[in-house]
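Q: Pasting in a structure now, in structure tokens, and then I'll have a few things to ask.
Taken together, the values in this text are just the output of simple stated rules run on the coordinates, not laboratory data. Bear in mind that the values here come from a model prediction, so they are computed numbers and not experimental data. No Cβ is skipped: glycine too gets one built from the backbone with ideal geometry, and neighbour counts run over all protein chains shown.
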Amino acid sequence: MLAALTGLGLSAAAGLNAYIPMLVVGLIARYSDLVALPAEFGWLTNGWVLAGLGVLLAAEVVLDKVPVVDSINDAVQTFVRPAAGGAVFAATDAAGKLDSSTFMQEHPWIGWGLGIALALIVHATKASVRPVANAGTMGAGAPVLSTLEDAASLVLSVLAILAPIIGLIALLLVGYVGFRLLRRRRRRRAARRSAAERSAAERSAPT
């Protein structure tokens, strides 16, 4: 159960930033006994892999804070973040099952599928909210939102490993915030559409 919560938290974190949860898992597994990855995920602890993830994270942190560029980056990350979510879910859930059930080891696609789906949902929410926030703040909101998303990804990643239940609560809070932002976006879109229709009706009305 806790392994599944860990996987869910890490997958959600990957939906915000693909590289933070992978780095967190790799570093903790490499330098502590808190995470013992199975052999097929041993590459996550490789020094060169961790260095590469660090470089990719640095690029992501910079690009995601530039208006317009952040949306292009989100489009590219549509493939990267879900894959990262599937990887960290499968890796940590398999690690949690090493000394107990072999079910997840025999059916690894379940972990991959759950991780990919959750990361994709979080990513889609992020990618949908960002253009609206940029337009509403003339681009000033991009670095603020990006910093908050990176911080949330890091906190979720750490909590998912050290305190999975608290991580689940944090994940629910993130989901609630995302739901409210999407709901607000739909309301603004409906209001703009209604205003455009009224304007068109007034122009076409006989004088």
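Q: Using a Förster radius of 25 Å, what is the FRET efficiency between residue 66 and residue 117 based on their Cβ-Cβ separation? Nearest 0.05, please. Show your work: numbers first, answer last.
A: On the way: r = 29 Å, r/R0 = 1.16.
That gives a FRET efficiency of 0.30.
Q: Tell me the label-point distance for the pair residue 32, residue 110, using the 7 Å Cα-to-Cβ offset, in nm and rounded to one decimal.
A: Modelled inter-label distance: 2.8 nm.
Q: Which order results if 112, 43, 48 are arranged by neighbouring Cβ count within 10 Å, fewest first?
A: Least to most surrounded, the residues fall as 48, 43, 112.
Q: Moving on. For residue 123, what charge total do you get from the other residues with a beta carbon under 9 Å from its beta carbon, if Lys and Arg give +1 and Asp and Glu give -1?
A: The answer is +1.
Q: Per 0.36 nm of contour for each residue apart, how much would the distance between residue 140 and residue 56 grow if the chain were fully extended, relative to their Cα-Cα spacing?
A: The residue 140-residue 56 span can extend by a further 27.9 nm.
Q: Would you mind ranking 30, 187, 81 by Cβ crowding within 10 Å, fewest neighbours first?
A: 187, 30, 81
Q: Follow-up question, since we're still on this one. Can you give the FRET efficiency for residue 43 and residue 187, using 1/(1 + (r/R0)^6), R0 = 45 Å, r = Cβ-Cβ distance, to the nearest 0.05? Before the final figure, lay out each step's value.
A: Working: r = 45 Å, r/R0 = 1.00.
The calculated FRET efficiency here is 0.50.
Q: When a footprinting reagent is the concern and you count Cβ atoms within 10 Å, what order do 34, 156 take, fewest first? Please report the intermediate quantities before stating the final value.
A: On the way: 34 11, 156 30.
Arranged by neighbour count, lowest to highest, 34, 156 become 34, 156.
Q: For region 1-65, just say rounded, prolate or oblate: build the C-alpha gyration tensor, square-root its eigenvalues into a ≥ b ≥ c, call rounded for a/c under 1.5, and beyond that prolate if a/b exceeds b/c, oblate if not.
A: Details: a/c = 2.61, a/b = 1.28, b/c = 2.04.
Cα axes put region 1-65 in the oblate bin.
Q: Also, I was wondering about something else. Using alpha-carbon positions, what is the distance between the centroids of region 134-160 and region 39-65, in Å?
A: Between the Cα centres of region 134-160 and region 39-65 lies a distance of 19 Å.
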